[in-house]
Amino acid sequence: FFPSTSHTRRSFSAYTTRSPVPGWTARADVPETYRPAGAVVVFSDGRGALRGVDARTGAERWARRLAGFDAPVLGAYDAPTGLLAVSETAADGRSSRIGAVLPATGEVVWSRVVTGDAAPVGRTGDGTLVLASRYQGDLVDALVLLAPGDPDDPGSGPDTGSERRVELQERMPVGGVAVRGSVAYLLSQDGRLLAVDTAAGRGGRLWDLETGASNVSAPVLGPDDRLYLSAADGRLFAVDTSRGAVVGQTRPRLPNGRLGYAARVPAPLVAGNRVFGTAPDGSVLAVDARVAESW
């Protein structure tokens, strides 16, 4: 599912993993953002109105405003729980409301208020929700872990669990985060990738990598300890997370060989042994994840 943008309109095209021909295309206002969430794609107009679209047909399933939120920001989708995270930071930046939405209906399952400017970025293996604690814009100074409540306590739930901070060694301008197990991978817009272990007693930097890319997408995790990201020049990168090294990259794909400006670079998609990406020349590409070294 990939976007393309003109000056005033944006179109979203859905592809199957077997064909380069779009299955369906939808149009939306340029400010509108989206998150694929299982069988539904959730759109937000940035002013509080959300809608859910069937990922297979493009038909609208629901449209609503979320209870307890004025203008929520879409966060990470968690496939094991089937929930989409949302967040909203107070105007003074002193607190944030974090919640989870059921993509099939748009229903808010739970929400809670945390201190500071924070946004949900993923879940650890034990179900702990990971937030990026932001300092002055996109600078992140810590990761905040919201542990789920005690399942044996009838009065406990996701909105009543414990909270713990993992401080970073330095503030980092983070554009995207991916989480696997207890490790969070923080990616800056200039291509720096940092691996941080969030586990209690083991928290700390594992490795720090300069990928050589700039103006990048959010990172996406795949099987076999691989992480993928796209760059504004159309290159698709594969990183080995076990040792913090770039193991493959495709060639640049630029219109007329010239680098333009991309306000937002779509993240790649991993499906089976294939990785899919888009490029500024208007193409959609698919590569074999098993042979990244020969891309």
Using amide H atoms built in the peptide plane, which far-off residues or other-chain residues are under 5 Å from A37 H to H?
V42
Output for region 189-275: chymotrypsin sites (Phe, Trp or Tyr not before Pro) sitting in coil per DSSP, at most 14 other Cβ within 10 Å, listed by number, reads Y261
So, for the Cα atoms of the chain, Rg and Dmax in Å stand at 18.8, 62
Relative contact order for the chain using alpha-carbon pairs under 8 Å, separation at least 6, rounded to a whole percent?
8
Could you give the size of the charge dipole of region 211-295 about its Cα centre, using +1 on the Cβ of each K and R and -1 on the Cβ of each D and E, expressed in debye and rounded to the nearest 20?
200
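When all alpha-carbon pairs of region 236-295 are counted, what percent fall beyond 14 Å?
60
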Selected from V216, V101, V284 as most flexible by GNM, with the chain as the system and alpha-carbon contacts under 10 Å:
V284
Each label sits 7 Å from Cα toward the beta-carbon; between A200 and A49 the label points are separated, in nm, by 4.5
Given R₀ = 30 Å, FRET efficiency for T81-S283 by Cβ-Cβ distance, to 0.05?
0.30
Give me the number: length gained by fully extending L139 to A71, i.e. 0.36 nm times residue separation minus the C-alpha to C-alpha distance, one decimal in nm.
22.3 nm
Subtracting the Cα-Cα distance of L259 and E167 from 0.36 nm times their residue separation yields 29.5 nm
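Only the coordinates and a few stated rules stand behind these numbers; no lab work does. For clarity, every value in this text was computed on a predicted model and none was experimentally measured. No Cβ is skipped: glycine too gets one built from the backbone with ideal geometry, and neighbour counts run over all protein chains shown.
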